[in-house]
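Below you'll find the structure, written out as structure tokens, and then a few comments.
The values are calculated or read from the model by the stated rules, or taken from the named source; none is laboratory data. Just so you know, these numbers come straight off a predicted model, no measurement behind them. Positions of Cβ are generated from backbone atoms using ideal geometry, with glycine treated the same way; all protein chains shown enter the neighbour counts.
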Amino acid sequence: MNCKHCQAPLEDGNSICPSCGWDNSLPEETETIAFSPEETAQAPATPEESSGSPEQDLPSPGEASDSQPKPVNRKKLALVIGGAVLVLALIAVAIWFLARPAESLPTEPAESTASTTDTTPEETAEPTGVLVREDYTFEGDDITPELSKAVATMGDATLSNGLLQIFYWRSYYDFLNNYSSYIAYIGLDTTKPLNEQTCGMSSTTMTWEQFFLDNALQTWAQYQAVRLDAEAAGYTISEGTQTQLNSSAQQLETSAQQYGFDSVQAMLEADFGAGVTAETYQSYMELYMTSMDYYYSQMDALTPSAEEVEAYYDENQETFTQNGIDKNETPATINVRHILIQPEGEKAGTDDNGNAVYSEEQLAAAKEKAQALYDQWLAGEATEASFADLVEDNSADTGSVSNGGLYEGVAPNQMVTEFNDWCFDPTRKAGDTGLVETQFGCHIMYFVSASEKTYWYTSAESQMMQERSTQLLQTSLENHPYEVDYDAIVLGKVQTSTTNSQ
């Protein structure tokens, strides 16, 4: 496993990066505060199943099972077309997932195979939705004739089996990209068929195939509803989005060549199953990019004023305070440079969280070395530029060496405690320097800048935007009901144990 922030390798069971100090046990999305029902907007009428909201009681990655296979380092190639596009896609996924109430995860790894359990009267009720069928995997010789069949309709818009394959596997890949550290605890084994495993993310008894299918259908419905709103409003997508859309075919060609595929078709089939074509993928991109472009234009118009944000915080101050967000001058993010001097020699052991432990002598030697380098810098020009010049030859943090030791956009509590406390000291100002000792060694620090917005403000603003987003999407879905023909659905196969990204 690699650090989510600097990509430096993590030792097995170690959640704190020894290079940059990033706490990898934290969820990747922006924290969402759990307001009581009367304090927040209702969730959409047909939200996606949650794929691991930050509100959940997630186990530490340090506790994750080592028995899970390590996926190969080939991100879904068909998705690597325009970096900004993928960023928006993950934001969209987070928005849908965060709209659902959280369900706590088990504290021990879940059983990964489906099994028959004692049923309650509620469980024996007539199944609905994806539960009307136990299995959707296509077992025939040629799935191609099935891909043109319509499986869902929304007004005049239809979802074909071919397009569904992309939504389905996207749901799976996005889930693994965000929560691969926790899959052992929710019963997901990437080496086994999804239709043979009980999902540990749902309050009902469903398989992982049903879980991701439900996500896929509802994601399509959300994209399609927003697209219909855009068409009704006579909306024209932005020039930048149109340029990305126009170049997507060429980017697919480039990706196929870069990763050694004979054709775009071969690459798409590797990612989404047999029969999925470039034309189908282009249809997906047109739907996705049009809906997201319009969605963000609407969200821009819903951005609250400073007065609204402050009033919102004041109205919900008790909830924010309970979540550790006080109304003070702590900045939302900071930018900092550092040089990590790591202890030399073999580590003395590991702590309860699997993090490296060094002897007092090793840590003292690292501090002495850091002090000497710090004194050398102070005796020279002592500028930010001269500090950055020292990084390449001296820092053990491989994730920031190429950038002069710089980390940008660091939010409170994302770094190891001592590093965090130094950065977010209320007296901290641009140009401050010093030494910070952590269990990983000694950091020579250079404080670059802090954001103008405070942590409490951005937290309240983010919560407001989430609620407004939920309401916007709920209204869109209510205005555009849809129907699903579950009997017509077929799902192709891909090699799930070899197509995940690290």
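Is it fair to say Val401 is among the aliphatic types (A, V, I, L, M) and surrounded by 20 or more Cβ atoms within 10 Å (Cβ to Cβ)?
No.
Among the residues of the range 314-327, is any farther than 30 Å from Asn394 by Cβ, β-branched (Val, Ile, Thr) and within 23 Å of the chain's Cα centre (by Cα)?
yes
Give the range 281-310 a look and list any residue that's surrounded by 14 or more Cβ atoms within 10 Å (Cβ to Cβ) and without any contact (Cβ under 8 Å) to a residue 40 or more places away in the chain, or say none. Step through it out loud before you land on a result.
As a first pass, look at the range 281-310 and keep what is surrounded by 14 or more Cβ atoms within 10 Å (Cβ to Cβ): 281-299, 304, 309-310.
The one that is surrounded by 14 or more Cβ atoms within 10 Å (Cβ to Cβ) and without any contact (Cβ under 8 Å) to a residue 40 or more places away in the chain: Gln282.
Could you run through the range 218-258 and say how many residues are in contact with a helix residue (DSSP H, G or I) (Cβ under 7 Å, 6 or more places away or on another chain) and either of a type in the set (A, V, I, L, M) or over 29 Å from Glu146 (Cα atoms) (or both)?
14
Which residue out of Ser291, Ser283, Ser305 is within 30 Å of Glu467 (Cβ to Cβ), hydroxyl-bearing (Ser, Thr, Tyr), over 23 Å from the mean Cα position of the chain (by Cα) and modelled with pLDDT of 95 or more?
Result of the check over Ser291, Ser283, Ser305: Ser305.
Tell me which of these Ile325 doesn't satisfy, since it passes every other one: (1) outside any helix (DSSP H, G or I); (2) touching an Asp or Glu at 6+ places or on another chain (Cβ under 7 Å); (3) among the aliphatic types (A, V, I, L, M).
Only one criterion in (1) outside any helix (DSSP H, G or I); (2) touching an Asp or Glu at 6+ places or on another chain (Cβ under 7 Å); (3) among the aliphatic types (A, V, I, L, M) is unmet by Ile325, namely (2).
Within the range 235-267, work out how many residues are assigned to a loop (DSSP other than H, G, I, E, B) and either surrounded by 12 or more Cβ atoms within 10 Å (Cβ to Cβ) or aliphatic (A, V, I, L, M) (or both).
Qualifying residue count for the region: 7.
State which residue is surrounded by the most Cβ atoms within 10 Å (Cβ to Cβ) when the search covers only the range 316-346 and only residues that are without any contact (Cβ under 8 Å) to a residue 24 or more places away in the chain and under 25 Å from Leu390 (Cβ atoms).
Top of the filtered list is Glu344.
Can we say Ser400 is touching a residue at least 40 places away in the same chain (Cβ under 8 Å), out of contact with any Phe, Trp or Tyr (no Cβ under 9 Å at 6 or more places or on another chain) and small (Gly, Ala, Ser)? Please lay out each step first, then the result.
Numbers: touching a residue at least 40 places away in the same chain (Cβ under 8 Å): yes; out of contact with any Phe, Trp or Tyr (no Cβ under 9 Å at 6 or more places or on another chain): no; small (Gly, Ala, Ser): yes.
So Ser400 does not fit the description; no.
Just to be sure before I move on: is Gln210 at pLDDT 95 or above, in contact with a Lys or Arg (Cβ under 9 Å, 6 or more places away or on another chain) and among the polar types (S, T, N, Q) in the structure I sent?
yes
Would you point out which residue out of Thr198, Thr191, Thr204, Thr219 is β-branched (Val, Ile, Thr), buried (at least 18 other Cβ atoms within 10 Å of the Cβ) and at pLDDT below 95? Write out each step before concluding.
Numbers: Thr191 fails: buried (at least 18 other Cβ atoms within 10 Å of the Cβ); Thr204 fails: buried (at least 18 other Cβ atoms within 10 Å of the Cβ); Thr219 fails: at pLDDT below 95.
Residue meeting the stated conditions: Thr198.
Specify which of the listed residues (Thr427, Thr458, Thr433, Thr454) is surrounded by fewer than 21 Cβ atoms within 10 Å (Cβ to Cβ) and either free of Cβ contacts under 8 Å to residues at least 40 places away in the same chain or of a type in the set (Phe, Trp, Tyr) (or both).
The match here is Thr427.
What number of residues within the range 370-404 satisfy the criterion of being touching a strand residue (DSSP E or B) at 6+ places or on another chain (Cβ under 8 Å), more than 14 Å from Gly434 (Cβ to Cβ) and not aliphatic (A, V, I, L, M)?
Total satisfying the criteria: 6.
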